[in-house]
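Q: One structure, pasted below without further comment.
The values are calculated or read from the model by the stated rules, or taken from the named source; none is laboratory data. Note that this is a predicted model, so its numbers are computed, not measured. So basically every Cβ, Gly included, is an ideal-geometry build from the backbone, and we count neighbours across all protein chains shown. For the accessible areas, the whole protein counts, side chains as well, though only heavy atoms, and no ligand, DNA or RNA atoms are used. Shrake-Rupley method; radii C 1.70, N 1.55, O 1.52, S 1.80 Å.
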Amino acid sequence: MKTVVLWIGFRNLTGDPRRTLLTVSAIAVGLAALVFLWGFNDGLHRNMLGNFQSTLVGSLQIHRQGFFSNPELARHIEKDAPILAALKAAGVGRWTRRLETYTLVASDSATEGSFLIAMDPRTEPRVTRLGEKVTQGRFFRPGDEYVCVLGAASARNLGVGVGDSVVLVAYDRFGALTAEDFRLIGIVSGGGLGIDRGLVLTPLGAAQEMLDMQGRITDIPIWVPPERLETVTGQLRRALAGRDLEVLRWYDMFPVMHEWVTLHNAFLYLFLGIVLLIVLAGVVNTLLVSMLERIREFGIHLALGNRRLGLFVMVLSESLWLGLAGIAAGVLGGIGLVALTAHTGIDLSLLLGDTQRFYVDPLVRPHLDLRHLGQTLAAVLGITLAAGLYPAWRASRLSPVEALRHV
Amino acid sequence: MNRDKRHLIEVRELYKCYWVGSVPYPALNGVDLRVQRGEFLVIAGRSGSGKSTLLNCLGALERPDSGQVRVCGEDLGAWDDDRRADFRLRHLGFVFQAYNLIRVLSARENVAYVCQLQGLHRGECMERADYWLEQVGIGYLGYRRPDQLSGGQQQRVAVARALATGPDIVLADEPTANVDSKTGRDLIHLMQDLNRRFGTTFLIASHDPAVIQAAGRLLRVEDGRIQGGGVTYRPPRPLGLVCPRPRRPLWERLRLKWREHRRRH
Ligand SMILES: Nc1ncnc2c1ncn2[C@@H]1O[C@H](COP(=O)(O)OP(=O)(O)O)[C@@H](O)[C@H]1O
Ligand SMILES: [Mg+2]
């Protein structure tokens, strides 16, 4: 087989420029739509997961083994120096230290069982943006002592406002019940983000003192960009192996969010499949019709001494060129659309109303996951080639004499 | 070497039947034929007499039912499709009745294409194409596409294409059938001229008087047999011997059965 058949295959497409243009545009439009959908989907997820992680959880957390499923103070981190060294070695700069335990919050009129999160006011903003969720009063500053921040719903239930005092009751490191007065300095509200109730925040120092945990912490939340999450996790797990620690990704802790994204993607893959089927049907039809119109010409090719394989490759190359042209145009169009809408943003507030419950900002900025782009391109090219297989096979099976006699 | 001593084409007892459903039509009924290098041989005969079938058997396009076909010293009998294709590419040039150019390619690209199939570089093939288009008298039309050429001009491109690979034999099946008689005469004179100048063997099937008149040697085919100019006389075989039922692969037989079944009901 000579490579000239690839060139002839290309030239054959110029025989009916209108049909070629139509086929290429069909592929291109389908692909551009898919690329844009992926961009929208990936942008939405990126935003959603980013918000989720930056609200409270971070991308990764390190605890004593078993602390996440059973948060007792006895499972605290004794010495954090090796962990900080491992973080430094992994190139992670955005981490903070916390102390977490169960507590009872009591006001003059009511009590509420809550989760106490004590944080270092200086390093917390590296990992979360809790401070930005303060709707009344203020967030912690270095030097704050026995002060606390409550969610809006909790404050309402307890009947307290900024400046009032509440009592936090908890077991200390040795299991003794302890209680302290905390002054409410701020109220956070995140709409549906799950921080409005059941949560009380204090500075790390005060909580350590109250719980007899001098210098000790229970977890180290970390922020890393999504694309580095897996590598950093691997590095940390290796570096900290044998130290009775757990390195958990956000989705190890809260798998529901991850499953939601997977489900969304599954829908998109389904859609991809449907679009591909439509493209397949269209391209098969076009190629088959154009092949049947040229039977006589294929007879000439065979008679002149083209082998069957040569003819097969020639006809198949027609779908290759169609696919490549469609992909080039479709990717340009799709990426252009993603870039444009990423610049302006797509406002979903009219469509969805309050989107905070899903950790989604109302202004979605599409962002393309290159893996999804690659998969889509490969699938479209594959399907276009597949569409050419049958016509190519038919052409290559022709008998030269019968094909020449064909009118 | 071998080639020059022997005949360029040697055909012995060639039989070929076409089956339409279960009815056999004998197209070649015991053909014997020898052709020497450099001949300008015309095969004449009425329509349906078997000229095309004979040419197709010689051109490694069609498989005979029985008999021997030696072309350029090679026995084409048992060859598979790829070997036949390679043989056509290397040794044969074809001029068909009409409309036989690749329609998306210009005249010179049409001629160059066969050279490229032979594995020569594009540039060299283009040079050859220009040379041969010049030889057939339409060097100035190289950049036209077939639909921008007249029938006679297209046939000239086809002749150039047939010669561009340096074949041993050019097989032309009714080359003048689709052009007017003046153009037809010009074409046949062109081929005669090329035959004399380059020594290429021409086998032309035609019932056009102008072609018959130009023949270097003339053979007449009737009912699938060569009259007179053939080698030996053989009485016709009974139909059953001429047309053995073809052994088709199982799926092919099932397909035919199905077709027949559908035709009946
Ligand atoms: N593919 C075919 N199927 C059935 N019959 C055929 C086929 N090709 C040729 N024939 C028959 O074989 C005979 C010889 O045909 P052909 O070689 O084309 O004659 P010519 O070229 O002299 O007109 C004719 O009777 C024709 O009808
Ligand atoms: Mg004929």
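Q: With springs connecting C-alpha atoms under 10 Å apart, model chain A as a Gaussian network and identify which of A:Ser114, A:Ser25, A:Ser69 has the largest mean-square fluctuation.
A: A:Ser69
Q: Hey, in the protein assembly as shown, which Cys have no second cysteine's beta-carbon closer than 4.7 Å?
A: A:Cys148, B:Cys57, B:Cys72
Q: A follow-up question, please. Based on Cα positions only, what radius of gyration and what Dmax would you give for segment A:1-137, in angstroms?
A: Rg, Dmax (Cα atoms, Å): 28.3, 91.
Q: Over the heavy atoms of A:Trp393, what accessible area does a 1.4 Å probe trace out, to the nearest 10 Å²?
A: 140 Å²
Q: Ok, one more. What total accessible surface area, summed over both chains, is buried at the interface between chains B and A, computed with a 1.4 Å probe and given in Å² to the nearest 100?
A: Counting both chains, the buried surface is close to 2400 Å².
Q: In segment A:153-187, which chymotrypsin sites (Phe, Trp or Tyr not before Pro) fall in coil by DSSP and have 13 or fewer other Cβ atoms within 10 Å?
A: Answer by residue number: A:Phe174.
Q: A further question follows. Determine the shielding of peptide A:296-303 by partner chains: average, over its residues, the number of Cβ atoms on other chains within 10 angstrom of each Cβ.
A: Taking the mean over all residues of the peptide, I get 6.
Q: Counting only the heavy atoms of the protein chains, how much of A:Val256 is accessible to a 1.4 Å probe, in Å² to the nearest 10?
A: Counting only protein heavy atoms, the figure is 110 Å².
Q: Now a separate question. Across peptide A:246-253, what mean number of C-beta atoms from other chains lies inside 10 Å of a residue's C-beta?
A: For this peptide, the per-residue mean of nearby foreign Cβ atoms is 0.
Q: While we're here: Any chance you could check the Cα centroid distance between segment A:60-110 and segment B:119-141 for me, in angstrom?
A: Each part reduced to its Cα centre gives a spacing of 82 Å.
Q: Another question about this same structure. With angles folded into 0 to 90 degrees, how steeply does helix A:370-396 sit against the dominant principal axis of chain A? Use alpha carbons for both and round to 10.
A: 20 degrees
Q: Then there is this: Defining a contact as two alpha carbons under 8 Å apart and six or more residues distant in sequence, what relative contact order in percent does chain A show?
A: Rounded, it is 28 percent for chain A.
Q: What is the antiparallel percent of DSSP beta bridges lying wholly in segment A:66-243, to the nearest 5?
A: Antiparallel bridges make up about 75 percent of those DSSP assigns within segment A:66-243.
Q: State whether segment B:37-109 is rounded, prolate or oblate according to the following rule on the C-alpha gyration tensor (a ≥ b ≥ c being the square roots of its eigenvalues): a/c under 1.5 gives rounded; otherwise a/b larger than b/c gives prolate, and the remaining case gives oblate.
A: It comes out oblate by the Cα gyration axes.
Q: So if we plug the beta-carbon distance of A:Arg238 and A:Glu72 into 1/(1 + (r/R0)^6) with R0 = 22 Å, what FRET efficiency do we get, rounded to 0.05?
A: 0.20
Q: What share of the DSSP beta bridges in the protein assembly as shown is antiparallel, in percent to the nearest 5?
A: 70 percent
Q: Next question, about the same structure. Pull out the extension gain between A:Ala339 and A:Arg138, defined as 0.36 nm times the separation in residues minus the alpha carbon to alpha carbon distance; nm, one decimal.
A: Value of the extension gain: 68.6 nm.
Q: Let me ask you something else. Once phi is turned into θ = phi - 60°, what whole-Hz ³J(HN,Hα) does the Karplus curve with 6.51, -1.76 and 1.60 give for every residue of segment A:155-172, x standing for Gly and Pro?
A: Per-residue couplings from phi come out as 4, 5, 4, 7, x, 10, x, 4, x, 6, 10, 10, 10, 9, 10, 7, 7, 8 Hz.
Q: If you take the beta carbon distance between A:Ala106 and A:Leu277 as r and set R0 to 60 Å, what does 1/(1 + (r/R0)^6) give as a FRET efficiency, to the nearest 0.05?
A: Plugging the Cβ-Cβ distance into 1/(1 + (r/R0)^6) gives 0.45.
Q: Now for a separate question. Stick to the Cα atoms of chain A, pair each with every other, and give me the Kirkwood hydrodynamic radius in Å at one decimal.
A: 25.6 Å
Q: Of the residues B:Asp147, B:Asp82, B:Asp168, which exhibits the maximal mean-square fluctuation in a Gaussian network model of chain B defined by a 10 Å Cα contact cut-off?
A: Result for chain B, Cα springs under 10 Å: B:Asp82 fluctuates most.
Q: Follow-up question, since we're still on this one. So what J values fall out for segment B:32-39 if you push phi through Karplus, 6.51 cos²θ - 1.76 cosθ + 1.60 with θ = phi - 60°, rounded to Hz, Gly and Pro as x?
A: Each residue of segment B:32-39 in turn: 10, 7, 10, 10, 9, 4, x, 6 Hz.
Q: What FRET efficiency would be calculated for the residue pair B:Asp193, B:Arg144, taking the C-beta separation as r and a Förster radius of 22 Å, to the nearest 0.05?
A: 0.45
Q: While we're here: Compute the helix-to-body angle for B:181-198: its Cα long axis versus the longest principal axis of chain B, expressed 0 to 90° and rounded to tens.
A: It is inclined by approximately 80 degrees.
Q: Taking square-rooted eigenvalues a ≥ b ≥ c of the alpha carbon gyration tensor, is segment A:66-243 rounded, prolate or oblate, where a/c under 1.5 means rounded and, failing that, a/b exceeding b/c means prolate?
A: In terms of gyration-tensor shape, prolate.
Q: Please give the net charge around A:Gln61, taking every other residue with its beta carbon less than 12 angstrom from that of A:Gln61, where Lys and Arg add +1 and Asp and Glu add -1.
A: 0
Q: Using modelled backbone amide H atoms (1.01 Å from N, in-plane), which distant-in-sequence or interchain residues come within less than 5 Å of B:Arg220's amide H?
A: Here B:Ala44, B:Gln227, B:Gly229 satisfy the definition.
Q: Pop out the ³J(HN,Hα) list for segment B:160-170 in order, Karplus 6.51 cos²θ - 1.76 cosθ + 1.60 with θ = phi - 60°, rounded to Hz; leave Gly and Pro as x.
A: Residue by residue, segment B:160-170 yields 4, 5, 5, 8, 5, 8, x, x, 6, 9, 10 Hz.
Q: Roughly how large, in nm² to one decimal, is the mean projection of the convex hull of the alpha-carbon atoms in chain B?
A: One quarter of the hull surface, i.e. the mean projection, equals 16.2 nm².
Q: While we're here: Other chains' Cβ within 10 Å of B:76-88 residues: what's the mean?
A: For this peptide, the per-residue mean of nearby foreign Cβ atoms is 3.
Q: Pull up the DSSP beta bridges for chain B and report the antiparallel fraction as a percent, rounded to 5.
A: 55 percent
Q: Work out the length of the dipole vector of segment B:39-108 about its Cα centre, built from +1 on the beta-carbon of each Lys and Arg and -1 on the beta-carbon of each Asp and Glu, and round it to the nearest 20 debye.
A: 380 debye
Q: To the nearest 10 degrees, how steeply does helix B:107-117 sit against the main Cα axis of chain B, on a 0 to 90 scale?
A: The two axes meet at around 60 degrees.
Q: With springs only between Cα atoms under 10 Å apart, run a GNM on chain A and tell me which of A:Asp42, A:Asp16, A:Asp80 wobbles the most.
A: Top of the fluctuation ranking is A:Asp16.
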